[in-house]
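J.: The structure that follows is given in the form of structure tokens.
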Amino acid sequence: MKLSELAETLAATLVPGQGQPRESAAAVVIEDVSAIETAGPAHLSFVANPKYAHLAHNTRAGALIVEPGFAALKTPTLRIPNPYLAWSQAIGLFHPAPSYPPGIHPTAVIASSATVGARAHIGAYVVIGPDCRIGDDAILLPHTVLYPGVQVGNRFLAHAHSVVRENCRMGDDVTLQNGAIIGSDGFGFAKDSQGRWIKILQSGPAVLEDAVEVQANACVDRASVGTTHIASGVKIDNLVQVGHGSSVGENTLLCAQTGLSGSTVVGKGVILAGQVGAAGHLTIGDGAIATAQTGIPSDVAPGAVVSGYPATDNRTWLRTVAALARLPELLKRVAALEKLLGARSDRS
């Protein structure tokens, strides 16, 4: 694809390299995308993080996607306000997602009371239980299982071995990656008089709104009563656990190995980085960010950036960590001062 065509497709401004005629830059042929360190003359790459800006001056890439105000380069550039988003779109141009033709594999088992929308692709050994309702253009890949009463909107994409339990509901454009489990039983047990743990029935479904993606081997548990609710645009990374009765607000990111205990309320636009743990029965306000491995035992204010355990202001945590590194030196100094003061006391 010529660079001029790429610029038009991405709605970017084509800027020739230093001393390069515009016609020459427009005619550059791009065959693939690549990381900036490994890109060659037929590759498109990008710079969005200032930490990698220096690499742009020595790259062999045929062209780069950068912000409008990026420094002039020898390499032709496509300039656009959001280079990372444009980069993701460029990847799709050169590596389009697989397409799955409509049809039902002969090994699929679909209950007679289930309804499947138009143009569905139902793969091998898929099971669709009684009273399920699936919208148009669904793709269910091999070994996907929908329990009875599941309701799913249009353009549902379920990768192999994903499971949706009974009566769960999902909106349009929901994606389940391999092994995702929606509506598994919440972790609820009550102790009887003999000290035995008795299971509490988990009667409430998990509800996912539009454009939610749940990635590999993540679990969204059903509620004991009410619902576990995932709002529109939420993205749930691999190996995340959303506990029963939790609620996650719009466009929130739950990164890998994050765990929400039961009845956690997470606001809109929140980012919980890898291995964040929330104790449950607490609220994380809109726009809050918890850095990796933060432990959250109580409410987090809207817009706060927290780190460490127990979760505290990120700047305070960074100062604490810096001080911790100096602790052995400080202990030596304290010991030396104690020794000096002791000697003076003995002389007096």
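J.: Select, from Gly303, Gly277, the only residue that is modelled with pLDDT of 95 or more and within 29 Å of Arg222 (Cβ to Cβ).
T.: Gly277
J.: Do we find a residue being in contact with a Phe, Trp or Tyr (Cβ under 8 Å, 6 or more places away or on another chain), modelled with pLDDT of 95 or more and within 20 Å of Leu239 (Cα to Cα) anywhere in region 180-197?
T.: Yes.
J.: Can you tell me how many residues within region 91-115 are touching a residue at least 60 places away in the same chain (Cβ under 8 Å) and either under 22 Å from Gly129 (Cα atoms) or in contact with a strand residue (DSSP E or B) (Cβ under 6 Å, 6 or more places away or on another chain) (or both)?
T.: The qualifying residues number 1.
J.: Follow-up. How many residues does region 137-154 contain that are farther than 16 Å from Val174 by Cα and either out of contact with any Asp or Glu (no Cβ under 9 Å at 6 or more places or on another chain) or exposed (fewer than 14 other Cβ atoms within 10 Å of the Cβ) (or both)?
T.: The total comes to 2.
J.: Could you check how many residues of region 111-133 are part of a loop (DSSP other than H, G, I, E, B) and of a type outside the set (Ser, Thr, Tyr)?
T.: 13
J.: Exactly one condition in (1) in the same structural domain as Ala218 (by TED's automatic domain parsing); (2) farther than 30 Å from Gly188 by Cα is not met by Leu341; state its number.
T.: (1)
J.: Same structure, new question: Does Glu67 meet the test of being surrounded by fewer than 20 Cβ atoms within 10 Å (Cβ to Cβ) and touching a Leu at 6+ places or on another chain (Cβ under 9 Å)?
T.: no
Quick grid of which residues meet (1) farther than 20 Å from Thr228 by Cα; (2) outside the structural domain of Asn238 (by TED's automatic domain parsing); (3) in a loop (DSSP other than H, G, I, E, B):
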{"site": "Asn251", "(1), (2), (3)": "no, no, yes"}
{"site": "Ala256", "(1), (2), (3)": "no, no, yes"}
{"site": "Gly262", "(1), (2), (3)": "no, no, yes"}
{"site": "Gly269", "(1), (2), (3)": "no, no, yes"}
{"site": "Gly274", "(1), (2), (3)": "yes, no, yes"}
{"site": "Asp286", "(1), (2), (3)": "no, no, yes"}
{"site": "Ala292", "(1), (2), (3)": "yes, no, yes"}
{"site": "Pro310", "(1), (2), (3)": "yes, no, yes"}
{"site": "Ala323", "(1), (2), (3)": "yes, yes, no"}
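J.: Just to check your reading of the model, which residue among Ile110, Ile80, Ile128, Ile134 is surrounded by 15 or more Cβ atoms within 10 Å (Cβ to Cβ), of a type outside the set (Gly, Ala, Ser) and in contact with a helix residue (DSSP H, G or I) (Cβ under 8 Å, 6 or more places away or on another chain)?
T.: Exactly one residue qualifies, and that residue is Ile80.
J.: Determine, yes or no, whether Asp221 is under 21 Å from Val150 (Cβ atoms), acidic (Asp, Glu), buried (at least 24 other Cβ atoms within 10 Å of the Cβ) and assigned by TED's automatic domain parsing to the domain that holds Leu272.
T.: It is true that Asp221 is under 21 Å from Val150 (Cβ atoms), acidic (Asp, Glu), buried (at least 24 other Cβ atoms within 10 Å of the Cβ) and assigned by TED's automatic domain parsing to the domain that holds Leu272.
The values are calculated or read from the model by the stated rules, or taken from the named source; none is laboratory data. Everything quoted here is computed from the prediction, not taken from an experiment. Neighbour counts run over all protein chains shown; Cβ positions are idealised from the backbone, glycine included.
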